[in-house]
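Worksheet for the structure shown next.
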Amino acid sequence: MHPILFKIGSLPVNTYGLALAISFVLGLWLAARRGEAAGVQKNDVYDLGIRLMIAAIVGSRLFYVITHVSEFQGHWLDVIAIWKGLYGLSMLGGVFLAVAVGFYTVWRKKLPVWELSDAVIPSFALGIFVTRIGCFFNGCCFGSETSCSLGVTFPDLAMPYSGTGILPGTHIHPTQLYSSLAGLFIIVVLLCADRRKHFPGFIFAFFTGLYGVTRFGIEEFRYFDHEPNLLFGFSSIAGRSGITDNQFISLIMLFSSILLGIWLYLRYRRISSASF
């Protein structure tokens, strides 16, 4: 665990912050290359990328705060301190706000919505792959106790043990690395699928479904405290009743991707037929 990777003089370089910066640069590069193939100028992609980055950070923090309100009662200024809180950020909130801001920006600039969505969305998967490695070094987004061979231990005063009820030295699931591998899997599948002819919006809908499925599964191994913020029950180290709010949202993403895919396919067929 290395939350601070190194120092430049007295200035600490946070591992998660560095991973976030790397994922942004790589994601923007990938989106720009794919955007050009879709007929979109690089400047428009760069402008969109900056908006998406800001929206992702703001959305991740807002969703965390909304679902952990009790942590901020009496000291509301901590809301803007994204490094404070047991987890600090919730990626699902960032995905939703970034998608909303992205669609609004594309619509306002009158860019090809679904073609550009297909071009940009693999960068999200790339971001998941890189930033979740940063989460592992930071110690956040950790898993529940396990006796399987994949279990890892963190230093005694690390975030997984401090204030969570998990005893120091306990083996826990490295869910950060599970998430990182899921991001790598998604981007490989998307890029392979993009080699075949498909209707506009297919890659975006495919990402939504893949992310929903993988996130739902990984949540089964995540540690959750007893915050009364879960929509369908509480989570604990010993077990879980119901599903978490993230799993509920993941299911919505999965079913939405199916409906969106069907609608986009029928729309593509209708437009193709009308052009003959």
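Every number in this text was worked out from the coordinates using simple rules, so none of it is lab data. Owing to the predicted nature of the structure, the values given are computational and were not obtained by experimental measurement. Backbone-built Cβ (ideal geometry, glycine too); neighbour counts: all protein chains shown.
Quick notes on this structure:
- Label-to-label distance, nm, for residues given as CYS192 and ARG51 (7 Å Cα→Cβ offset): 3.4
- Charge-dipole axis of the range 1-157 as Lys and Arg at +1 and Asp and Glu at -1 on Cβ define it, positive-most pick from GLY102, THR146, VAL130: GLY102
- With contacts taken as Cα pairs under 8 Å and at least 6 residues apart, the chain reaches a relative contact order of 17 percent.
- ILE22/LEU259 FRET efficiency (R0 35 Å; Cβ-Cβ; nearest 0.05): 0.50
- Among the helices of the chain, those built from whole DSSP H runs whose Cα atoms reach 15 Å or more along their own axis and whose mean Kyte-Doolittle hydropathy is at least -0.5 are 15-37, 42-67, 91-108, 122-138, 175-193, 202-219, 245-275.
- Separation in nanometres of the label points that stand 7 Å from Cα toward Cβ, at LEU177 and ARG270: 4.9
- 222 nm mean residue ellipticity, helices alone, for the chain (DSSP H n ≥ 4; -39,500 (n - 2.57); rounded to 500): -20000 deg cm²/dmol
- Magnitude of the charge dipole, the chain, Cβ model with Lys/Arg +1 and Asp/Glu -1, debye to 20: 1120
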